[in-house]
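Notes for the one structure printed next.
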Amino acid sequence: VEMDRVVTVAPAGHRLEGVDGVWRCEHVIRTFYWPDRWYSLLEVYTPDGRLEEITVNVSSPVTSEDSEIRFTDYELDVSQEPPEEPRILDEDEFREAARRYGYSEPFQKACYRVAEEAVELAKGWQAVGMPKIDAREG
């Protein structure tokens with residue numbers, strides 16, 4: 001943990017929970033969360049160490065308490081699969097979330113501004129390579 005961000009690493013086979021159920025992820029994921037930014041960034045690696053994707057999730061700023069990281073995912077994402085350019089994804093899911101949760105028009109516009117910022121972040125992001133995971137952990 002650093003003062004300006006929280007970084008997590010999840011090994012291949014880690015358990016994920018979502019509204020659609022529970023599953024195991026086949027990728028190694030390093031995630032960067034910032035307490036003052038409306039997004040988080042994920043470096044997604046294949047088990048053999050290849051960077052498969054940079055994903056930026058538009059979300060509330062992260063809070064961390066009692067070893068828990070909390071945020072609200074607004075369903076609007078940016079994806080970059082090297083060597084492609086980053087692009088905004090999941091606009092249909094974002095529209096559905098906006099309808100379901102009553103996102104105001106100004107809030108929706110703010111989310112799109114964050115997504116445009118996230119495109120630039122992904123474009124300039126320098127991944128440092130597959131995280132080393134201690135087999136004794138977890």
(request) Please name all residue pairs, on different chains or six or more residues apart, with Cβ atoms under 9 Å, provided the first residue is in segment 113-135 and is without any contact (Cβ under 8 Å) to a residue 12 or more places away in the chain and the second residue is open to solvent by 50 Å² or more (accessible area, probe 1.4 Å) and not in a loop (DSSP other than H, G, I, E, B). (result) LYS132/VAL9
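Could you please let me know if TYR103 is over 23 Å from GLU17 (Cα atoms) and either part of a strand (DSSP E or B) or touching a strand residue (DSSP E or B) at 6+ places or on another chain (Cβ under 8 Å) (or both)? Before you say what the answer is, go through the steps one by one.
Working: over 23 Å from GLU17 (Cα atoms): yes; either part of a strand (DSSP E or B) or touching a strand residue (DSSP E or B) at 6+ places or on another chain (Cβ under 8 Å) (or both): yes.
When the stated conditions are applied, TYR103 passes them.
State the number of residues belonging to segment 60-89 that are under 23 Å from ARG24 (Cβ atoms) and open to solvent by less than 10 Å² (accessible area, probe 1.4 Å). Walk me through it before giving the result.
Taking segment 60-89 and keeping what is under 23 Å from ARG24 (Cβ atoms), we get 67-71, 73, 75, 77, 79, 81, 89.
Subsequent filtering for residues that are open to solvent by less than 10 Å² (accessible area, probe 1.4 Å) retains 79.
Count: 1.
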(request) Would you confirm whether any residue within segment 110-125 is part of a loop (DSSP other than H, G, I, E, B), among the hydrophobic types (A, V, I, L, M, F, W, C), open to solvent by less than 50 Å² (accessible area, probe 1.4 Å) and under 28 Å from TYR45 (Cα atoms)? (result) no
(request) Quick one: count up the residues across segment 1-42 that are of a type in the set (Gly, Ala, Ser) and within 18 Å of THR55 (Cα to Cα). (result) 4
(request) Output the residue which, of all residues in segment 23-33 that are open to solvent by 40 Å² or more (accessible area, probe 1.4 Å) and out of contact with any Leu (no Cβ under 7 Å at 6 or more places or on another chain), is farthest from TYR103 (Cα to Cα). (result) GLU26
(request) Name the residue, out of ASP36, ASP90, that is touching a Leu at 6+ places or on another chain (Cβ under 8 Å) and of a type in the set (Asp, Glu). (result) ASP90
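Hey, can you tell me all the residues within segment 44-56 that are in contact with a Phe, Trp or Tyr (Cβ under 8 Å, 6 or more places away or on another chain) and either small (Gly, Ala, Ser) or crowded, with 21+ Cβ neighbours inside 10 Å (or both)? Don't jump to the end; show me each part of the working.
Applying the first criterion (in contact with a Phe, Trp or Tyr (Cβ under 8 Å, 6 or more places away or on another chain)) to segment 44-56 yields 51-52, 54, 56.
Correct list: ILE54, VAL56.
The values are calculated or read from the model by the stated rules, or taken from the named source; none is laboratory data. Keep in mind the model is a prediction, meaning the values are calculated, not measured. We place every Cβ from the backbone using ideal geometry, glycine too, and count neighbours over all the protein chains shown. Side chains included, ligands, DNA and RNA excluded: accessible areas come from the protein's heavy atoms. Shrake-Rupley method; radii C 1.70, N 1.55, O 1.52, S 1.80 Å.
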